[in-house]
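Structure, as structure tokens:
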Amino acid sequence: MPCRWNDQRITPTGISNNRVEKSTEIFSHRWAPFVGGGGPGSSSRGTLLPAGNYEWPFELVMPGSMAESVEGLPDSHIIYKLKATVARGKLAYDLHAWKPVRVVRTLDPSALELAHAMTVENVWPNKIEYQLVIPQKAIIFGTAINIEMRFTSLLKGLRIGIIKCQLIESQEFTLARTTAHSERYWKHRRDIDTWNFEMNEEEHYRDMLNESGQDGYTLNEMMLLPKRLSKCLPDVDVHGIKIRHKVKFNIALHNPDGHISEVCLIRSRRENAANLSSSVRRFQ
């Protein structure tokens with residue numbers, strides 16, 4: 001598991017660039033030799049195998065606490081590999097083969113993240129009442145985020161303009177401290193994608209939005225997520241690598257006097273419940 005980044009700091013003599021790098025082996029298992037070791041036809045000089053194809057079954061019970069694979073980052077990752085070696089003695093090079101193995105953690109079908117919706121509703125006095133709903137808190141990697149939006153204008157002549165939705169990924173890296181004050185930390189943010197939606201007053205108007213009989217506008221949209229790990233990572237928090245996602249909304253409001261107002265909503269998981277967040281999870 002390598003973790004590396006450039007640590008840029010301002011010093012009295014200028015800008016200092018230090019390369020922070022560390023590789024750690026987090027899991028290792030070695031099987032006993034499949035042939036040889038005192039079996040039939042073996043000796044201290046090795047085992048002679050006639051020409052042909054050979055298969056040796058093997059298995060490994062992985063610990064329940066084993067970290068999931070993290071791939072798609074340019075400088076840090078958690079990867080697992082199977083390595084097979086044919087030892088050929090002192091007079092010949094050994095033969096090696098590698099096979100990558102991806103460890104994936106999934107949510108149980110009964111997990112609350114799949115059943116609980118995220119909702120934010122508020123009123124801008126004398127201007128607009130709005131409600132935004134994401135039906136699930138956990139989003140399956142590579143699928144889509146569904147959004148339900150409802151608006152009620154409280155100002156005559158107010159027009160809802162472009163609704164901009166943005167998915168933001170936060171990446172945090174921490175190297176555990178070995179001595180006092182030696183912990184290293186780096187944070188990076190990237191925009192995964194942006195979606196713009198427009199409201200058609202005739203198409204999206206409803207005489208009744210809810211049981212109270214209130215009228216307004218409703219939109220149901222989808223934010224299609226990337227299917228490649230290099231474009232978007234699942235949420236993780238393992239061995240100093242932490243990936244989280246935020247959903248940001250910017251709603252343009254065109255006022256009757258000509259000026260434009262804006263409703264902005266953004267939240268991470270640990271902020272107050274008046275905003276929105278989402279978790280991008282990977283499923284098999």
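The values are calculated or read from the model by the stated rules, or taken from the named source; none is laboratory data. Please read all numbers here as calculations on a predicted model, not as lab measurements. Positions of Cβ are generated from backbone atoms using ideal geometry, with glycine treated the same way; all protein chains shown enter the neighbour counts. For accessibility, only protein heavy atoms count, side chains too; no ligands or nucleic acids. Shrake-Rupley method; radii C 1.70, N 1.55, O 1.52, S 1.80 Å.
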(request) Work out the FRET efficiency for residue 82 and residue 49 from their Cβ-Cβ distance, taking R0 = 22 Å, and round it to the nearest 0.05. (result) 0.60
(message) Please enumerate, by chain and number, the aspartates and glutamates with C-alpha under 13 Å from the C-alpha of residue 246, excluding those fewer than 8 residues away in the same chain.
(response) 169, 191, 193, 235, 271
(request) Give the total of Lys-Lys pairs in the stretch 109-216 with Cα-Cα distances below 28 Å; include a pair only if its members are 8 or more places apart or on different chains. (result) 6
(message) Which order do you get for 75, 191 if you rank them by accessible area with a 1.4 Å probe, largest at the top?
(response) 191, 75
(request) May I ask you to evaluate 6.51 cos²θ - 1.76 cosθ + 1.60, the Karplus curve with θ = phi - 60°, for each residue of the stretch 244-260 and list the ³J(HN,Hα) values in order in whole Hz, giving x for glycine and proline? (result) 9, 10, 10, 10, 10, 10, 10, 10, 7, 10, 8, 7, x, 7, x, 7, 10
(request) At 0.36 nm per residue, minus the direct Cα-Cα distance, what do residue 68 and residue 102 gain on full extension? Give it in nm, one decimal, please. (result) 11.5 nm
(message) Can you give the local net charge around residue 131? Use residues other than it whose beta-carbon is closer than 11 angstrom to its beta-carbon, Lys and Arg +1, Asp and Glu -1.
(response) -2
(request) Mind giving me the FRET efficiency for residue 210 and residue 254? R0 is 30 Å, r the Cβ-Cβ distance, nearest 0.05 is fine. (result) 0.75
(message) If DNA, RNA and ligands are ignored and the probe is 1.4 Å, what is the ranking of 232, 264 by accessible area, most exposed first?
(response) 264, 232
(message) Leaving ligands and nucleic acids out of the surface, order 31, 195 by accessible area at 1.4 Å, largest first.
(response) 31, 195
(request) Identify the GluC sites (Glu not before Pro) of the stretch 112-202 meeting these criteria: DSSP loop state and at most 14 other C-beta atoms within 10 Å of the C-beta. (result) 183, 198
(message) What is the sum of charges, Lys and Arg at +1 and Asp and Glu at -1, for the other residues whose Cβ falls under 13 Å from the Cβ of residue 259?
(response) 0
(request) Quick one: what are the phi-derived ³J(HN,Hα) couplings along the stretch 100-108, Karplus 6.51/-1.76/1.60 with θ = phi - 60°, whole Hz, x for glycine and proline? (result) x, 10, 9, 9, 10, 9, 10, 7, 5
(request) Be a star and scan the stretch 118-140 for residues whose amide nitrogen sits under 17 Å from the point 7 Å along the Cα-to-Cβ vector of residue 224. (result) 140
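Please compute the per residue accessible area over the stretch 73-150 with all protein chains in place, 1.4 Å probe, rounded to a whole number of Å². Show your work: numbers first, answer last.
On the way: 5070 Å² over 78 residues.
Ligands and nucleic acids excluded, the figure is 65 Å² per residue.
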(message) For the pair residue 162/residue 133, report the inter-label distance in nm, with labels modelled 7 Å from Cα in the Cβ direction.
(response) 2.8 nm
(message) Can you give me the solvent accessible area of residue 123 with a 1.4 Å probe, rounded to the nearest 10 Å²?
(response) 70 Å²
(message) Can you give the local net charge around residue 27? Use residues other than it whose beta-carbon is closer than 14 angstrom to its beta-carbon, Lys and Arg +1, Asp and Glu -1.
(response) +2
(message) Going by Cα centres, the stretch 144-168 and the stretch 69-132 are how many Å apart?
(response) 32 Å
